[in-house]
1. Quick check on region 153-178: of everything there that is in contact (Cβ under 8 Å) with a residue 40 or more places away in the chain and of a type in the set (D, E, K, R), which residue is surrounded by the most Cβ atoms within 10 Å (Cβ to Cβ)?
2. What are the residues in region 427-443 that are over 16 Å from S410 (Cβ atoms) and open to solvent by 30 Å² or more (accessible area, probe 1.4 Å), if any?
3. Is there a residue being open to solvent by less than 50 Å² (accessible area, probe 1.4 Å), over 30 Å from E713 (Cβ atoms) and part of a helix (DSSP H, G or I) anywhere in region 547-562?
4. Return the residues of region 508-535 that are under 27 Å from the mean Cα position of the chain (by Cα) and of a type in the set (S, T, Y); say none if nothing qualifies.
5. So which residues in region 439-455 are farther than 15 Å from Y645 by Cβ and either hydrophobic (A, V, I, L, M, F, W, C) or touching a strand residue (DSSP E or B) at 6+ places or on another chain (Cβ under 6 Å) (or both)?
6. Kindly provide the set of residues from region 74-101 that are more than 22 Å from L244 (Cβ to Cβ) and surrounded by 15 or more Cβ atoms within 10 Å (Cβ to Cβ), ordered by number.
7. When G120 is evaluated against the numbered criteria (1) open to solvent by less than 70 Å² (accessible area, probe 1.4 Å); (2) at negative phi; (3) assigned to a loop (DSSP other than H, G, I, E, B), which criterion, by number, is the only one it fails?
8. Would you mind listing the helices (runs of 4 or more DSSP H) fully within region 258-364 where at least 3 residues are crowded, with 24+ Cβ neighbours inside 10 Å?
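The values are calculated or read from the model by the stated rules, or taken from the named source; none is laboratory data. All values derive from a computational prediction rather than experimental measurement. Using ideal geometry, Cβ is built from the backbone for each residue, glycine included, and neighbour counts are taken over all protein chains shown. Remember, those area values only see protein heavy atoms, side chains included, never the ligands or the DNA or RNA. Shrake-Rupley method; radii C 1.70, N 1.55, O 1.52, S 1.80 Å.
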Amino acid sequence: MAASTYPATPVDRGVVGRSVLRLEDPPLLTGEGRFVGDLSFPNQLHLRVARSDCAHGNIVSLDVAAALAAPGVVTVWTSRDIAGLPPIGLRGGLGTPTDVARLTPYLQPVLARARVRYIGEPVAAVFAEDPYLAEDAADLVDVRVEELPVVLAAENSPCEFAPGHGSEPDIIRKGYGDLEAAFAEAHMVVELDLAVGRHSGSPLETRGALARYDEARDVVEMYGAAKVPHATRDGLARVLGRDLASVHLHEGHVGGGFGIRGELYPEDVLVCAAALRLGRPVKWIEDRREHLMAANHSRQQRHHIRAAVDRDGRILAIDDTFFHDQGAYLRTHGTRVADMTAGLLPGPYRVPAYRVTGHVRLTNKTPAATYRAPGRYEGTFVRERLLDAIAAQLGVGPVEVRRRNLITSSEMPYQRPLDAIGDEIVYDSGDYTGLMDKALVAVGWDALQAELRQRREAGEVVGAGLAIFVEKSGLGPTDRVKISADDQGIVEVVTGGASVGQGFETVMAQIAADALGVDYHQVKVIHGHTDRIEHGVGAHASRATVLTGSATHIAANALKEKALGAAAGLMQLPVAALDLVDGRVVGRDLPGGPSMDLGEIARNTPGGLDAEGRHTTEHMNYPYGVHVAVVRVDRGTGGIEIERYLTSYDIGRAVNPMLIEGQIAGGFAQGVGGALLEEFTYDKRGEPLAVTFADYLMPTAREIMPLEMIITEDAPSPLNPLGLKGAGEAGVNGVGAALAAAIDAAVGIPGAVTRLPVTPQRLKEILNDHRLPDGQS
């Protein structure tokens, strides 16, 4: 169980700020959850995808005759059968029309056309009466391929992707300041070659989709939407050539998101297109092997970074060139992960001059996209390794070198002449040094260092490290909420948000209840249904609490104002004399006087009680955190044990501290996976070597020890009415960097860790290449 520290909640604070129990849990705890795998429609068909077993090659022949003749098979599609469907496009709002046109040649077709580019690429779709018959028939699809050279390293020189198009779809360039002058004047230049491995999210529930066509309404419905239902609806409508109003997506319970779920994939298009063409519902459920070889991968970047510093260790400039391994195609995110790395890499530090060049390159691997803290997990590892190297080479402690470079609270808001995914970077609020000091006090940093020195002298291989980061949240520009109260006083909040297990319904209910003056159990939150509200941001990029929560707050205040106005007429009292408390309108200075409950007001209000709220923001906001890790290394095996881990994070304002704890704890576990265990590897033919959990190693309870947490509210955001910032990436962002620093300290080799994950084999190589100081073992 996590140990937490956060400000005591004032008695008069209301339901916002309290760790109330989740509204989502009763059906999940009583076996009444409704995941897409639980849903079926009469007369439905089942989809199974035949996938390429060659990493790169021209399709010579594709024979589906045996599959068509198999029992229970209704039809089999190849790319010729869906020739009218365009490739799956970029998510709306990603890039200018020029950007979209430039990147379009690199998008993935629904089914492979003339060439396959990774093992697992869909080449044929089998539709059958039974899922097992469909799987048997898919094995009968005969694909003959003329193999082509396989590209597995993004840092290799670009080659041909297709006639007229190279394998480098984009180069991200950003920067400011006089870089050449800074390096010319530098006391010292620190250079590093760093890499982050390929891994991704592994939700408990794999992907799935169930589609049906309602001919009477001319509406195609897809169940199993997640994360961004409205964006996925928009993408589906474009691919299918239909109006938005004729495509409805429905989200049920979702067994985890983490960036990988909820994007528009080929299988989503296939079930919808088949439902339209065949006139029968079509269902597809992904198995784990498919998930590990076909769903979005993430991370995998290599950085060549250097910093110019003065004699006191203050950064004068940073120059970074990195290679982003995108895999075989661009998917819905385009090149935004590399763009976020480039824009946000400077983090919480003053960097007077900066230049970054990010090469987005295609390889013959599963396509990549976002995974929790996309671009920032990578950037934080690289930046914090750089700070540790500066400290080591100057003989300055890791805390002191950070203190000398951190942006101060007096400099807020802090504008950096950069953008990330098109949003100008302006740090809205923060006290980075203050949070670092709180974290150091919480772990007893000085005493901890003394204790670790004693243990190392006694022969143990132990050490501590820290990492500081700035996150992003609340990506705009806008979100909208509809709210109403019925004649029983039940409040309904209809949002375009989404729930992927993070407690979305509870948080929105708390915000609405707090503004209205009702019990949060009285609030029903509707989400993930594109037919109920035309716009929605979903749940990604730590947006939901900030954007949807702010819109909910505005809508609830509007409904309260409308209810008080209606009650004033019914009670013949001025509005200023009334308030809504515990679901009843009462007189402010009339204890025991007349009152009306919300349902009674709704019953007596022509047209009912309803309102809308919209929150618009020009910029993202920027929460921030400090991670401290203590590790013990087994020199004989290269094994790493995390003995202690502290996360400290400033949330701006905490709606539900317990849910923030859950977000941090889950993110931490995923960060550990990427830092120590999880990696998608390939052999020289491009064959994936980690397509089961026997080879793709997930952290277990054995690796995840009790987590210490500090949640602060020192820097509320001025960009929304509640001061909210996001928490979705708080636990994951700094894990790779903090563990790397701790491992360095433990083995006594500054800069030992240059690549994630630090597997036992890799650490053994490091130890074998360096002799430890006498007395250590």
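1. Checking each candidate, the answer is D170.
2. K438, V441, A442
3. No, because not a single residue in region 547-562 is open to solvent by less than 50 Å² (accessible area, probe 1.4 Å), over 30 Å from E713 (Cβ atoms) and part of a helix (DSSP H, G or I).
4. Of everything in region 508-535, just one residue is under 27 Å from the mean Cα position of the chain (by Cα) and of a type in the set (S, T, Y), namely T530.
5. Passing the criteria: V441, A447, A450, R455.
6. Hits for region 74-101 are V74, T75, V76, W77, T78, S79, D81, D99.
7. Against the list (1) open to solvent by less than 70 Å² (accessible area, probe 1.4 Å); (2) at negative phi; (3) assigned to a loop (DSSP other than H, G, I, E, B), G120 comes up short only on (2).
8. By residue number, 266-278, 336-344.
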